[in-house]
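Working notes, structure below.
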Amino acid sequence: MIQNIEDLSREREKAVAELNGYDCRVLVCSGTGCIATGSDKIHKLLEDLIADNPEIDLVFAPHDDHDRPNIGVKKTGCQGFCELGPLVRIQKGDKMVQYVKVQPEDCKEIYEKTILGGDVIERLLYHKGEKKYVGPEEIPFIAKQTRIVLENCGKLDAESLDEYLASGGFKALEKAMFQMDRDQVIEEIDKSGLRGRGGGGFPAGRKWKQVARQKDPIRYVVCNGDEGDPGAFMDGSVMEGDPFKLIEGMMIAGYAVRSSDGYIYVRAEYPMSVTRLRHAIALLEERGLLGDNILGSDFSFHLHINRGAGAFVCGEGSALTASIEGNRGMPRVKPPRTVEKGLWERPTVLNNVETYANVPKIILQGADWYRSIGTAGSPGTKTFSLTGAIENTGLIEVPMGSTLREIIFDIGGGLKNGATFKAVQIGGPSGGCLTEQHLDEPLDFDSVKKFNAIVGSGGMVVMDEHTCMVEVARFFMSFTQRESCGKCVPCREGTKRMLEILEKIVNGQGELEDLDKLEELATMVKTMALCGLGKSAPLPVISTLSTFRDEYIEHIVDKKCRAKVCTALRKYVINPDFCKGCGKCARNCPVNAISGKVKNPYHIDPTVCIKCGACKENCAFDAIYVEA
Amino acid sequence: MLDESYYRKTDEIIAHYGREAKALIPIMQDVQAEYRYLPGELLAYIAKQIGITETKAYSVATFYENFSFEAKGKYVIKVCDGTACHVRHSTPVLEALWKELGLSKKKHTTDDMMFTVETVSCLGACGLAPTMMVNEQVYPAMTPEKALALIAELRGKG
């Protein structure tokens, strides 16, 4: 049991000795992505190989007996390079080898050559062209990032409190509790300029200050882990990859605002996050770091986990607290703000996962250090999930103010299969699209707003010429319409009407005045919806309408979809040069739209064709193509 | 009428979370995890046990997408249609599954109660889009062919 700071120091020293006692650490990425590609199998295989060798100690907690090598097989948080999973790192002393796409049949070789022998298996290294990269830090994807929130992801065992302690974990809490008073802690966060990473960008310090100022002695600390934006997985990666850091950040907030209860609201689709957080909380309670009289002080803190139940709107603060209370997750009119009347009508600090995960480092290294990273208005770093038509998909962290070009081309490696960059959708369903002309703009909370987009939580979906922007707008609108909670009319009805218009357009039945109606509705919903989600729901439409208006017009006037995505606007054509006149397409056509004479080129009647694609799918000569 | 054992199990779950209104959602989640759906009789029972009205319990249960009053299949397949998966062509995967299993937008579960196919807005494995989840396991980089092969494999397992 850790009952005071002496205990904590002693435990930490022990943990450091243990961590240094390893001759070799095998770090298997156990993020959701890598587990999906089979990393848990790799973990088990490597563990079994080592356990089967009587000459080696497979150690879960190493010891001083160095007659036999100490090898630990660890499950780490997301190593970032999701596309190339399963990822495995082998660490010996300060040398680290990064293997990518590790398959079960590679395990024996890894064990014999790298773990026992210390040799590098070239085949499993990341390579770009001829160049092969050994250590993770050499890979441009990783080398060009600045990892603060994600510093431990990929390095530490996500399930080991000792490894977290050994790497300086809970030093920040200790410093906050014993070297600073509560106001100083809040002041430091305020001075750091840390802004809420959930999308709003509201200064965290100001929130904490407002809560601390309330008369009500009961306050709550709530973490928003309801990362609902499709295409975003940063918060999930922090919860499953470094749960202790999130918890430490929440505890510091709890100490600062005199709260003794914290809640983490995790979305239903993240079972791994729930498991890792529960495990972390159980360990901390067992060791005395969570509970009553932490480190022998008068500060008590209890942490609870609530699982979401599949409602996007619960990412909104007042809806989230309503959900924890056991109600329908519907936002309410503000004021009163959450800082005054939040969970159970009590003053509540509500921040998102990434915001809390920034806190320990700010307390340890100070506000000035934090302000030295990022931009003046948006200090620090931001995590992004890089997805879509990009070469290196994955989880990244960069200083605020980085440009899209740095993120997409330097880190992301550019477009997949040499495609052309068309747009990047940022901020999810509440965000907008940025294009070529924005590539060199610095990305921070304020700059992006100027282009009708938001940094949002950090989902970044890259799109190439095969993406239809009108269809993307329809996609987001169908999402927000489905997820609208129905409480306020502008959002409930407005999103529905907007979706109808967009569906009309992608089906080739749009009229030009629909664009005016869309704009009118978008402005109405944006100004009049009750909550932040409703207000931002029209943003994808507003942003694509301003940047890709010509594509809307093409759909309406020319009945043409240049990306060939919108089914109704496709035109199936038979190339007479390739057609052998076998007649298979005509036999497959469900509506008899294809006619012709055997051994002569066939013809598709576009007025009858229902664009099902059965002809193209079955043509043995690839003679049928889609015309935009 | 549900078997007595359903009520005993529900009692256990209620005891775990406490007889409080705030425990409604976690209790419903655990009951649903146990039976793969939320039987209406149990919802009424839970409401009574934790001291809320049946209408309140019903209003909460119907608000959240995760709760289902209909029994689900042995394998619940969630095809991700988040942005990243959508732009990497998740729709053909969904359509292939529908076609193979005789399901549609309206019909989610096969008559033999083996498979339920749903869409989900994001599974958080966007780096490996398009993805889908069978029960709690995530499958990466799906194609219609891979999805059909997986169905065949699951059918083999029974």
Under 9 Å between Cβ atoms, at least 6 apart or on separate chains: pull out the pairs that start in region B:56-70 with a residue that is at the interface with chain A (Cβ under 9 Å from one of its Cβ atoms) and under 16 Å from residue B:44 (Cβ atoms) and end on any residue that is among the β-branched types (Val, Ile, Thr) and part of a loop (DSSP other than H, G, I, E, B).
B:60/B:52
Quick check on residue B:95: is it at pLDDT below 95, under 18 Å from residue A:307 (Cα atoms) and either touching a helix residue (DSSP H, G or I) at 6+ places or on another chain (Cβ under 7 Å) or within 14 Å of chain A (Cβ to nearest Cβ) (or both)?
no
Any residue that is within 14 Å of chain A (Cβ to nearest Cβ), modelled with pLDDT of 95 or more and out of contact with any Ser or Thr (no Cβ under 7 Å at 6 or more places or on another chain) - is there at least one of those in region B:39-48?
yes
Check residue B:90 against each of (1) facing chain A (nearest Cβ under 10 Å); (2) touching a Cys at 6+ places or on another chain (Cβ under 8 Å); (3) closer than 27 Å to residue A:485 by Cα and name the one condition it does not meet.
(1)
Residue count, region A:92-105, condition surrounded by 20 or more Cβ atoms within 10 Å (Cβ to Cβ) and either touching a Lys or Arg at 6+ places or on another chain (Cβ under 8 Å) or at pLDDT below 95 (or both), comes to 3
Tally time: how many residues in region A:21-48 are hydroxyl-bearing (Ser, Thr, Tyr) and in contact with a helix residue (DSSP H, G or I) (Cβ under 7 Å, 6 or more places away or on another chain)?
3
Could you tell me whether region A:378-391 includes any residue that is touching a Lys or Arg at 6+ places or on another chain (Cβ under 6 Å) and charged (D, E, K, R)?
yes
Those residues of region A:267-303 which are in a loop (DSSP other than H, G, I, E, B), closer than 26 Å to residue A:6 by Cα and either among the charged types (D, E, K, R) or within 14 Å of another protein chain (Cβ to nearest Cβ) (or both), in sequence order
A:292, A:298
Hey, among A:428, A:418, A:413, which residue is at positive phi, out of contact with any strand residue (DSSP E or B) (no Cβ under 8 Å at 6 or more places or on another chain) and modelled with pLDDT under 95?
A:418
Taking residue B:130 as meeting all but one of (1) under 29 Å from residue A:266 (Cβ atoms); (2) of a type outside the set (Phe, Trp, Tyr); (3) within 14 Å of the chain's Cα centre (by Cα), write down the number of the exception.
(3)
Taking first residues from region A:337-352 that are more than 14 Å from residue A:202 (Cβ to Cβ) and second residues anywhere that are surrounded by fewer than 19 Cβ atoms within 10 Å (Cβ to Cβ) and among the β-branched types (Val, Ile, Thr), the pairs with Cβ under 9 Å that are 6 or more apart or on different chains are A:344/A:218; A:346/A:218; A:347/A:218
Show me the helices (runs of 4 or more DSSP H) found entirely inside region B:17-87 where at least 3 residues are among the aliphatic types (A, V, I, L, M).
B:24-35, B:40-50, B:54-63
Scan region A:465-480 and tell me whether some residue there is within 11 Å of chain B (Cβ to nearest Cβ), polar (S, T, N, Q) and in a helix (DSSP H, G or I).
yes
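The values are calculated or read from the model by the stated rules, or taken from the named source; none is laboratory data. If you're wondering where the values come from, they're calculated on a predicted model, not measured in any experiment. No Cβ is skipped: glycine too gets one built from the backbone with ideal geometry, and neighbour counts run over all protein chains shown.
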